[in-house]
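Encoded as structure tokens, the structure appears first; notes follow it.
The values are calculated or read from the model by the stated rules, or taken from the named source; none is laboratory data. Bear in mind that the values here come from a model prediction, so they are computed numbers and not experimental data. As a convention, Cβ positions derive from the backbone with ideal geometry for all residues, glycine included, and neighbour counts pool all protein chains shown. Calculation scope for accessible area: heavy atoms of the full protein, side chains included, ligands and nucleic acids excluded. Shrake-Rupley method; radii C 1.70, N 1.55, O 1.52, S 1.80 Å.
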Amino acid sequence: MRSKPITKDEVARETLLEGGASVFGVLAVGLFALTFIFQNFMIPSSSMASTLLVGDHVVVERESLAPPTKWAGFLPYREVHRGDVIVFYKPVEDVSGEHMFMVKRVVGIPGDRIHLRNGILYLNGVAQDEPQTAKPTADHYDAYVDDFPAINPANEPGVTAEWSVLLPTCIQGDDVVVPPGKYFAMGDNRTNSLDSRYWGFVPRENIIGRPLFVYWSIVMPESGADEAPISERAESTLHEFVHFFDETRWSRTFHPVK
């Protein structure tokens, strides 16, 4: 028996449904990626200059450094390596009671021995060649920062009370020894970075991911902190809208973070 031919209206309805399903599928995949795999992060301070500049907007990949799960064994999980630039929750709470997002470079993994002399990092007794870092000058020498951990942190401005107590227990000889499950992180702009020298080790569970590339960069004033408060974020949004065309750093678009 011959079936009834499909009308043009039925074809149009099926095409519309298929198109809608495709759109919803793309939106679902995009929402999943933005929620669980990628995250946007804006650089508010110069602590990572010149690797990352104030006003850089970066895409942060959240999966490879996440704790492995059995149901997603296909994802490329890996351990944190020395030299990784990471985004993480600051180990100590802000004055508001919140944990801020921060971005720094891992310079020490569990078991490493670390010290600085005149701004040069010594890792397990070997001076490191770090062309991306800012070195101290005669005008900006700071004994606590540049010869860490030679100076007692008790009276050093910016050092947390918890780290002042813990740091002496982690020193062997001239070195700070990184304990299991912890990481030592510093900004590339070593002379202007509140980092592990001030608040201690980064716990493994605090690490969110690693920035992959700069997707947009705009000239902005430095907030003076590693993460700007909500009021300053609102001002930043207005600044970005007004100066999108004349202050965007087009040359940094898709600049990889290394």
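Values as computed for the structure displayed
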item	result
Heavy-atom accessible area ranking, 1.4 Å probe, most first, across ARG78, ARG252	ARG78, ARG252
For the stretch 120-139 and the stretch 150-223, distance of Cα centres in Å	15
Unit charges at the beta carbon, dipole of the stretch 115-225: most positive-side option, ALA154, TYR215, ALA127	TYR215
Estimated translational D of the stretch 76-225 in µm²/s (Stokes, Kirkwood radius over Cα pairs; 10 °C; 1.306 mPa s)	99
Accessible area (Å², 1.4 Å probe, nearest 10) - TYR183	10
Charge dipole (debye, nearest 20) of the stretch 83-193; +1 at Cβ of Lys and Arg, -1 at Cβ of Asp and Glu	200
Share of carbon and sulfur in the accessible heavy-atom surface of the stretch 100-258 [1.4 Å probe, %]	58
Charged-residue dipole, Cβ positions (Lys, Arg, Asp, Glu), the stretch 145-215 about Cα centre, Debye nearest 20	300
Anisotropy class of the stretch 142-194 from Cα gyration tensor, a/c 1.5 cut	rounded
Accessible-area order (highest first, 1.4 angstrom probe) of the listed residues TRP250, TRP216, TRP199	TRP250, TRP216, TRP199
Residues of the stretch 72-160: accessible area per residue with a 1.4 Å probe, Å²	52
Neighbourhood net charge (12 Å Cβ-Cβ; Lys/Arg +1, Asp/Glu -1) for PRO149	-2
